[in-house]
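The values are calculated or read from the model by the stated rules, or taken from the named source; none is laboratory data. Note that the structure is a prediction, hence the values are computed from the model and not measured. Cβ atoms come from the backbone with ideal geometry, glycine included; neighbour counts cover every protein chain shown.
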Amino acid sequence: MSAKTDVKNYTGFRTLTFVCLFILYAPLVVVTIYSFNASPSITVWEGFSLRWYGDVFTGPESGKFKAAAINSFSIALIAATLATIIATSAATAIVRGGIFKTRTLSLGLISLPLMVPEIVLAVATLIFFNAVGFTRGYMTILVAHIAFCIPFAYLPIQARMQGIEDTYEQAAMDLYATKAQAFRRVLLPLMMPGIISGFLLAFIVSLDDFIITNFVKGAGVETLPTAIFGSVKQGLKPNIMAISTMLLALSIVMVTLSYFVSKTDNTK
Amino acid sequence: MSDETQIAVDVRDAVKRYGDFTALQRISLGIRDNEFFTLLGPSGCGKTTLLRMIAGFEDVTEGAIFLYGEEIEDLPPHQRPVNTVFQNYALFPHMTVTENVSFGLEMRGASKADARTRAGEMLELVQLTQFAARKPSQLSGGQQQRVALARALAPSPKVLLLDEPLSALDLKLRKAMQIELKHIQRETGITFIFVTHDQEEALTMSDRIAVMSAGEMQQLGDPRDIYETPRNMFVADFIGDTNLLDVSVEAISDGRATCKLSGGHRLTCDAVDGVNAGAKVHLSVRPERLFLSDQPTAAESLQGTVVENIFIGTDISTIVDVPGGQHFTVRTSNSDRGNKRILDPGTTAYVNMEPGAARLLVD
Amino acid sequence: MAGGAATGGSAAADTYKSARHWLLLPSWLVLVLVVLAPVCMMLIYSFLTKEFRGGVIWEPTLAAYDQFFFDRGLFGDDPPKIEWTYITIFWRSIWQAGLATILSLIIGFPTAYFIATRPERTRALWVFLVTIPYWVNLLIRTVSMKFLLRDQGPMNDFLISTGLIDDPLRIVNTNLAVQLGLFYSYLPFMVLPIYASVERYNFAMSEAAADLYATKWTTLRRIVLPAVKPGVIAGCILVFVPSLGAFLAPDLLGGAKNFMIGSLIEEQFKGNAGNWPFGAAAAMVLLTMVLILLMIFARQQRRAEASP
């Protein structure tokens, strides 16, 4: 179609799209490149090296980062798992529970962590733990993470479930399956792509969180983002870029995974 | 039951309401054992609602449903020995054809091996043995339809419910499946309750038909009854083509009614309960029970003018105006062309009625 | 659709109707306890008396809000004047977030439009490309931005080496750096809702406009934009709201001069200088602003749905 007769396309929009993608990716690409810099200075390029990756695992700060990584991953795993279970259960009630009074209210409650600014949520959670007398530490981070991961796990699960016609469960029950059997044998397998997607997103969100964690963590308990932040506050160092690049790669792998899982349509 | 034939499904005064909306207004009907029974009506007439109430997917607002004498309306679907072929089949997409067909048997507690054996037999019945290991998505629409049928038949239900199962198929396949379904019904001896909005399909397949409209049953009878002696306007109009004539009943005697058309013509036909002298009602005459001639040749004969001849393949349809603003459509089979003359538009013609062709309608 | 689709299908699917309250219980429990109750608690804390090493004394007072809005002199006995310090910080935050939103709109709208007009096959891939950076750790993204924009960073190196500039552009620790950081943080939030709106837009309307002698830009302004307005508003809200309370971008890219609400609040809960009631009050003011915005937005969307 020639530009003259095409009423859809606007000249310049393509360019701006590439500008947009350039802005989004340029900082990440630059940091990735510099993470392979041989120089201890972050300003001079001295050639390719993996030394800073080695430094992350064996350098003077490796102990701190290892502990932070263990905290981050264990919290992300537990929080994402629990949030996914809670979200699946809530989605079943909201998508398959008919129309009821508390339905809209429940939806509002679930999306609350998305509407309240993160810093407000952080303050509120800190105050709450303080008021009920919880000692800040691993557990407080975990509880906070479970809560704000719920909407991220919920959205893909709900979207998936809405795409599954209820005739599947009806067919199962027509063929003598109880409601529980229909859920386990038919609905759950069909929802699986949404559930996996939701889990992965919750996992990333938990892994990425800085603000809330920063508020509710106790002294001495760090996750990767808080450890990185503490380090960056004292100046950008190449080992931080190596960690960042590894986390970046992990996020991209997980989102890509989630993308392809959500695209597999097992209802067709 | 006082009837000699056993009643399979007995619906008694069933009412279904959604809030203020009444989907089904006090339906009572008995579906006989081994019968191919059809619920026929346009979209939103309540036929699917009634089917889903029998299956257990809709609760019954008022009334009761009996299955071979057992009251079932409070049982959940998985405790009712009826199975459904869904409109879009609802085959489980994550299971193979065999797994789909054996699902119901497994849920009823059959061993996996037994369920597989029975599934194999069912697939043989619907001629899909070679597709047993496939996923539903790898089958054509017609094949999916057969899997859905096999799956519903596998647990040997007492009654099989079919919710517009053929509506997604193309015309040729649909015709073939109609015959096959009828065949399978006879072979298995299972009572079929079939829902459709396609009157031709209903007439072809059914032992008996219940015509429904606006949540009410309009007429119950075998296909011939329904077609030839429609009870009211709705049935006459919905089933097949017909000429509907405005008439006023002048007199009724000896079971015959004398009716006057708006143009002054008089016709006599069988009297019907509920239509009294003086009533302004409608008369239905099927177009194929009329024939044209240039001279009056039947007892009931009206003079008019040919307006148009329309060629429709097997037949020719001729539109004739008679005085008083009434149109008649007369259908002449193409194979009869030698015997019956096709008259050119503008010529005067007589519309002749076969004896018993005109039927008085209640409202 | 035939048969009961009009009746049986009108009700929402209700297979698990009988269990719905049990199924909702875990989410209610967690969200009420860990989100809703804490927000209420925060409201209460904002009316309590501060304790000097962080925390509160359970004595009700309006001191926090008084400190926020009024200046009573060093010893607290001068006649009250309006206290501009915090209002200025809030105003700067609104201004920064607003500029970041406008920047996102200028880049985000054409991007969303472009993606929505790609062939259906490749569209998902484009959307995916735009969303990936969002899922990368925000801290890492902000640090990366800082690294790129530094005075001796790769961007300045590149510009100097090409001879475009002689002295490095000093971007870090300016308002511009904060705006760029916010823009970078939340750009996908602008693109996605606009994309969703444009994708639903019926392009035959553009053809009809062109047929009736409208130029392409007139068509965009008079036909396309009104049709996709709900998406544009949603995008603006989704960028503006998190920008307003952002902490990382102002903290890492802005420096001390460009203090925003997020940093002000954070400061109250960290270290010994903290004032919890004041931090809670500032958070309440922020939350109130956001909720008002969201309510206006919800009304707008409802109106847009009511008159399609």
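Against the definition (among the charged types (D, E, K, R), more than 28 Å from B:LEU169 (Cβ to Cβ) and touching a Gly at 6+ places or on another chain (Cβ under 9 Å)), how does B:GLU73 come out, yes or no? Taking the combined requirement at face value, the residue satisfies it. Within the stretch B:36-50, the residues that satisfy the criterion of being more than 14 Å from the chain's Cα centre (by Cα) and under 22 Å from B:GLU70 (Cα atoms) are B:THR49, B:LEU50.
Of the numbered conditions (1) touching a residue at least 24 places away in the same chain (Cβ under 8 Å); (2) more than 7 Å from every other protein chain (Cβ to nearest Cβ); (3) touching a helix residue (DSSP H, G or I) at 6+ places or on another chain (Cβ under 8 Å), A:LEU190 satisfies every one except a single condition; which is it? Only one criterion in (1) touching a residue at least 24 places away in the same chain (Cβ under 8 Å); (2) more than 7 Å from every other protein chain (Cβ to nearest Cβ); (3) touching a helix residue (DSSP H, G or I) at 6+ places or on another chain (Cβ under 8 Å) is unmet by A:LEU190, namely (2). Residues in the stretch C:101-128 that are more than 22 Å from the chain's Cα centre (by Cα) and part of a helix (DSSP H, G or I): C:PHE114, C:ILE115, C:ALA116, C:GLU120, C:ARG121, C:THR122, C:ARG123, C:ALA124, C:LEU125, C:TRP126.
For the stretch C:48-56, the criterion of being part of a strand (DSSP E or B) and hydrophobic (A, V, I, L, M, F, W, C) is met by at least one residue. Screening the stretch C:232-249 for residues that are assigned to a loop (DSSP other than H, G, I, E, B) and touching an Asp or Glu at 6+ places or on another chain (Cβ under 8 Å) and picking the one that is nearest to the other protein chains (Cβ to nearest Cβ) gives C:GLY245. Number of residues in the stretch B:38-54 that are surrounded by fewer than 22 Cβ atoms within 10 Å (Cβ to Cβ) and modelled with pLDDT of 90 or more equals 1.
The test for being more than 10 Å from chain A (Cβ to nearest Cβ), in contact (Cβ under 8 Å) with a residue 60 or more places away in the chain and closer than 30 Å to C:GLN67 by Cβ does not hold for C:LYS229.
Listed by position, the helices (runs of 4 or more DSSP H) inside the stretch C:151-219 whose residues that are in contact (Cβ under 8 Å) with a residue 60 or more places away in the chain number at least 2 are C:175-200. Taking the condition among the aromatic types (Phe, Trp, Tyr), farther than 17 Å from C:LEU187 by Cα, surrounded by fewer than 22 Cβ atoms within 10 Å (Cβ to Cβ) and out of contact with any Cys (no Cβ under 6 Å at 6 or more places or on another chain), does C:PHE128 pass? So C:PHE128 fails the test. Looking at C:THR219, is it at negative phi and more than 12 Å from chain A (Cβ to nearest Cβ)? No; evaluated as a whole, the condition is false for this residue.
When B:SER111, B:SER102, B:SER43 are checked against the criterion of being out of contact with any Ser or Thr (no Cβ under 8 Å at 6 or more places or on another chain), within 30 Å of B:GLN218 (Cβ to Cβ) and polar (S, T, N, Q), B:SER43 stands alone in meeting it.
Looking at the stretch A:169-181, can you tell me whether even one residue there is touching a residue at least 24 places away in the same chain (Cβ under 8 Å) and farther than 22 Å from C:LEU29 by Cβ? For the stretch A:169-181, residues touching a residue at least 24 places away in the same chain (Cβ under 8 Å) and farther than 22 Å from C:LEU29 by Cβ: present. Taking interchain pairs and intrachain pairs at least six residues apart, which have beta carbon atoms under 6 angstrom, with the first residue in the stretch B:114-133 and assigned to a loop (DSSP other than H, G, I, E, B) and at pLDDT below 90 and the second charged (D, E, K, R) and surrounded by 15 or more Cβ atoms within 10 Å (Cβ to Cβ)? From residues that are assigned to a loop (DSSP other than H, G, I, E, B) and at pLDDT below 90, the pairs are B:VAL126/B:ARG146. Quick check on the stretch A:166-178. Is at least one of its residues buried (at least 22 other Cβ atoms within 10 Å of the Cβ), at pLDDT below 90 and of a type outside the set (Phe, Trp, Tyr)? No, every residue in the stretch A:166-178 fails to be buried (at least 22 other Cβ atoms within 10 Å of the Cβ), at pLDDT below 90 and of a type outside the set (Phe, Trp, Tyr). From the list B:ALA202, B:ALA236, the one residue that fits, being within 14 Å of chain C (Cβ to nearest Cβ), in a helix (DSSP H, G or I) and within 29 Å of B:THR22 (Cβ to Cβ), is B:ALA202. Put simply, of B:ASP321, B:ASP315 the only residue that is free of Cβ contacts under 8 Å to residues at least 60 places away in the same chain, closer than 19 Å to B:HIS282 by Cβ and charged (D, E, K, R) is B:ASP321.
The residues of the stretch A:106-153 that are among the polar types (S, T, N, Q), at the interface with another protein chain (Cβ under 9 Å from one of its Cβ atoms) and either closer than 20 Å to C:PRO242 by Cβ or buried (at least 24 other Cβ atoms within 10 Å of the Cβ) (or both) amount to a single one, A:THR125. Considered as a group, the residues in the stretch C:37-46 that are in a helix (DSSP H, G or I) and more than 7 Å from chain A (Cβ to nearest Cβ) include one that is surrounded by the fewest Cβ atoms within 10 Å (Cβ to Cβ), and that residue is C:CYS40. Look at A:LEU112 and say whether it is of a type outside the set (D, E, K, R), within 27 Å of C:PHE189 (Cβ to Cβ) and either touching a Cys at 6+ places or on another chain (Cβ under 6 Å) or at pLDDT below 90 (or both). Answer is yes for this residue.
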